[in-house]
1. Within the stretch B:129-145, restricting attention to residues that are over 24 Å from the mean Cα position of the chain (by Cα) and assigned to a helix (DSSP H, G or I), which residue is farthest from the other protein chains (Cβ to nearest Cβ)?
2. Can you name the condition, by its number, that B:Ile110 falls short on among (1) at pLDDT 90 or above; (2) within 11 Å of chain A (Cβ to nearest Cβ); (3) surrounded by fewer than 21 Cβ atoms within 10 Å (Cβ to Cβ); (4) touching a helix residue (DSSP H, G or I) at 6+ places or on another chain (Cβ under 9 Å)?
3. Scan (1) assigned to a helix (DSSP H, G or I); (2) open to solvent by 10 Å² or more (accessible area, probe 1.4 Å); (3) within 14 Å of chain B (Cβ to nearest Cβ) for the single condition A:Ala171 breaks and write down its number.
4. Looking only at the stretch B:241-256, count every residue that is within 21 Å of B:Arg223 (Cα to Cα) and surrounded by fewer than 19 Cβ atoms within 10 Å (Cβ to Cβ) and tell me the total.
5. Report, by residue number, each residue of the stretch B:78-88 that is crowded, with 17+ Cβ neighbours inside 10 Å and out of contact with any strand residue (DSSP E or B) (no Cβ under 7 Å at 6 or more places or on another chain).
6. Do you know which residues across the stretch B:202-256 are closer than 22 Å to B:Glu30 by Cβ and among the β-branched types (Val, Ile, Thr)?
7. Which of the residues spanning the stretch B:313-323 are open to solvent by 50 Å² or more (accessible area, probe 1.4 Å) and either closer than 15 Å to B:Tyr293 by Cα or touching a Lys or Arg at 6+ places or on another chain (Cβ under 8 Å) (or both)?
8. Please find, among A:Ser244, A:Ser201, the residue that is away from chain B (no Cβ under 14 Å), modelled with pLDDT of 80 or more, open to solvent by less than 10 Å² (accessible area, probe 1.4 Å) and assigned to a helix (DSSP H, G or I).
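The values are calculated or read from the model by the stated rules, or taken from the named source; none is laboratory data. Computed from a predicted model, the values in this text were never measured in an experiment. Glycine also receives a Cβ, built like all others from the backbone with ideal geometry; neighbour counts cover every protein chain displayed. Side chains are part of the model used for accessible areas, which takes the heavy atoms of the whole protein and leaves out ligands, DNA and RNA. Shrake-Rupley method; radii C 1.70, N 1.55, O 1.52, S 1.80 Å.
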Amino acid sequence: MAHTLVEKRIDWTGILFAVALTIVIVFPLLVVGTWAFTNVWRYPSVIPQEFGLKFWQQTLARADVWSSITMSLSLATMVTLLSAIICLPAAYAFARMDFPGRSILFFSFLAGHAFPKFGLLVAIAGIFLQLNLIGTFWGVVLIQLVGTLLFMIWIPVAAFQAVDRRMEEAARDVGAGPFRVFWSITLPQAGPTIAAAVLLSFVGTFYETEGAWLIGAPQIRTLPVLMISFINNQPVIQYGAVLSVLLWVPSFIALLFARRVISSGSFAKGFGG
Amino acid sequence: MSVLEIRDVTKAFGATKAVDSFSLTVGDGELVCLLGPSGSGKSTLLRMIGGFETPTSGHVAIDGEDVTRVTPEKRPTGMVFQSHALWTHMNVFKNLAFGLKLRRLPEAEIKRRVEAVLELVGLGGFGHRATTQLSGGQQQRVALARSLVLEPKILLLDEPFASLDQHLRERLREEVRDIQQRLKITTLFVTHGQDEALALADRIVVMRDGRTEQAARPDVVYREPATPFVAGFIGTMNLVDGAVANGTFTHSGFTVPLPVGDGAATLAVRPEALEIVSANGGGMAKIHRVTDYGTHAIVDIELPDGTRLKSMTSEARDWSHGQPIDLKPRAFAAYRDNAAIHRSN
């Protein structure tokens, strides 16, 4: 029996990757996290001299922080909602129907991501200026909507294509009209994967910075935009650190939610389909 | 009275005609099997009756009403798919209740009808089960129940048992036949299995290249196949191409008296009708192999040119490899230009 035991080898490659990832991702997070709960931290001390929630109180007491949180949440909600209303039926059309220009249109959603985003944004800003959309809520909604199109079309298309057509036909057969079939059969079948797309689009919009800044400034200030201005203009590091930690909250909640909603493999199905 | 009337229906996909000028009338309560190899257009035909395909030309009428361009949800047909196509996000009860809910029936009525149909297909008490917890046979029963619960005028079954194993297939086939008889529901059954068609059907429609080869009772299709194709497709059949001269059919030493005019002909003999007798001298053919199945034996025969024939006999021990024999067909048919020209029974 003894010689059938496989010698347990140390997976050096795996350890190397894990260490590299830890240094690159976890270490900065730790530093920022520590700064957020630090009252005094002076060179050359390795750990802060004084921990505390002083800067949390100061940050959360600011009106601009609260208004930017509300702004970010309402923007992300509005963009995700509009994106779902526009993109899901479009994705269904891409998945199930054949119409002229289908392939070119389908790949055109990639175009927005294929070029340097900032150049595109500046060009759009020029157009928005003439339309009086600069500095307005709906201007930012519009620009962020463009950013969600790729996820909200491509992932649901794959999800819809993965739904067995016979299931839809069986529903037609028992008396459901096309819209009822979509609502009662196709959407629930594609549900988990679409939930993943919606989640991605919400979180992506919440963190979107360039568009919100270029189109929204100075009237519209989202949390990331505010954080940038804090980091640039404030000599106190803790303000930025506290906002960073605040910004983790939605993605953390999203991740928890994702673990429950997304059955294993549906992400892969969405991207791979 | 005819429940279903298909008149001169053609369905073309590009240049190929999946169904070609097809006509069929089905009477009330009749069970018709559409039988044919894959690509013969039988599934396309069924889908046109269900409303999932629109004919390129021709008409489909149900109960005298033209439904050629009516959408599936407005047709009084119920379809059972090969892949059962159950909605996996609903339990068994909800799968069955979905169509009834669309018809706005009261809750109590829905519950009563669903439970009655589940009982009918032998799945009483399975309502709360998830469809994914069921075996293949149970899933197919649920799919059948989902159609039956709506009491369709015509039940359409598209190779419903193709994905099940042989044993289960035979059992479900009998159950479907029982249910169909009890409910007296007009049924169209698509299959490529001839035993399924022979066991189930009141009438078999043998299809080939989108056309009807023969439409008749199972026993007629088996005993008097209208064309060499049907003869070869239903059951096992020895088909021998040869020539007739002076009232005798000849193919490589194999001769049979055939009282038809001179010319080419195809001879069709069932293995059970092909008698083998010990040869006087050289013989017409030789025994190639004997396979003993206990109740009967199958003897493979080789003609001088290498053509193989099969004979079914009750006694295996009389024959051995290489033995010269003569052939005496007890019953046979002869075909010329795709039509029967002679039958001897």
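1. It comes out as B:Gln133.
2. Against the list (1) at pLDDT 90 or above; (2) within 11 Å of chain A (Cβ to nearest Cβ); (3) surrounded by fewer than 21 Cβ atoms within 10 Å (Cβ to Cβ); (4) touching a helix residue (DSSP H, G or I) at 6+ places or on another chain (Cβ under 9 Å), B:Ile110 comes up short only on (2).
3. Status for A:Ala171: all satisfied but (2).
4. Matching residues across the stretch B:241-256 total 1.
5. If the condition is that a residue be crowded, with 17+ Cβ neighbours inside 10 Å and out of contact with any strand residue (DSSP E or B) (no Cβ under 7 Å at 6 or more places or on another chain), then B:Ser83, B:His84, B:Ala85, B:Leu86, B:Trp87 are the ones that fit.
6. Passing the criteria: B:Ile204, B:Val205, B:Val206, B:Thr212, B:Val220, B:Val221, B:Val230, B:Ile234.
7. Narrowing the stretch B:313-323 to residues open to solvent by 50 Å² or more (accessible area, probe 1.4 Å): B:314-315, B:317-318, B:320-321.
Matches in the stretch B:313-323: B:Ser314, B:Glu315, B:Arg317, B:Asp318, B:His321.
8. Only one candidate passes the filter, namely A:Ser201.
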